[in-house]
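Notes follow once the structure below has been shown.
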């Protein structure tokens, strides 16, 4: 069996350890990562740990290649969903004494939905209600990548976490509409 040089190896859609040096910006907007100096990121393909459009555009490329591409919103953090902008009564929120809600405030979200976001953003504070946005902050945004592939090779067992194997490819990092329930009390199990 012949082992090819790292520069000859091409990134595969699954089980490939990939390390990139990159910068990314919102198309027509701010730089999100790598503004001063490109950042390093590594991952194993096929586990949904990076946005689908990034992983898809790396397949077939190898170590040392420099790439520039745009990932549309549908392949990044998904489109914005208006149904995820929700108005709730202020009584559904429990702020600590002395803390007042404000537009742009991020709140942790506690829900039983495993695919729900970790935080929501307050879009508007009204007299008796608060409008929250459960979309990912980058939902609806196309992303422009400038990157260099630093390393690409078959993943070793030490590169893969056992939990990833159990979750498989069904676990995705983004782009899905979660079911979100706010202000619902759990029923007693008595």
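If you scan the stretch 10-20, which residues turn out to be touching a strand residue (DSSP E or B) at 6+ places or on another chain (Cβ under 6 Å) and either at pLDDT below 60 or surrounded by fewer than 17 Cβ atoms within 10 Å (Cβ to Cβ) (or both)?
Of everything in the stretch 10-20, just one residue is touching a strand residue (DSSP E or B) at 6+ places or on another chain (Cβ under 6 Å) and either at pLDDT below 60 or surrounded by fewer than 17 Cβ atoms within 10 Å (Cβ to Cβ) (or both), namely 19.
Being in a loop (DSSP other than H, G, I, E, B) and either modelled with pLDDT of 95 or more or surrounded by 12 or more Cβ atoms within 10 Å (Cβ to Cβ) (or both) is the requirement here; does residue 53 meet it? Step through it out loud before you land on a result.
On the way: in a loop (DSSP other than H, G, I, E, B): no; either modelled with pLDDT of 95 or more or surrounded by 12 or more Cβ atoms within 10 Å (Cβ to Cβ) (or both): yes.
Answer is no for this residue.
Going through the stretch 96-123 one residue at a time, which ones are at pLDDT 90 or above and either assigned by TED's automatic domain parsing to the domain that holds residue 58 or surrounded by 14 or more Cβ atoms within 10 Å (Cβ to Cβ) (or both)?
101, 105, 120, 121, 122, 123
Scan (1) in contact with a strand residue (DSSP E or B) (Cβ under 9 Å, 6 or more places away or on another chain); (2) surrounded by 15 or more Cβ atoms within 10 Å (Cβ to Cβ); (3) within 29 Å of residue 150 (Cα to Cα) for the single condition residue 134 breaks and write down its number.
Answer for residue 134: the failing condition is (3).
The values are calculated or read from the model by the stated rules, or taken from the named source; none is laboratory data. None of the values given here were measured: they were computed from a predicted structure. No Cβ is skipped: glycine too gets one built from the backbone with ideal geometry, and neighbour counts run over all protein chains shown.
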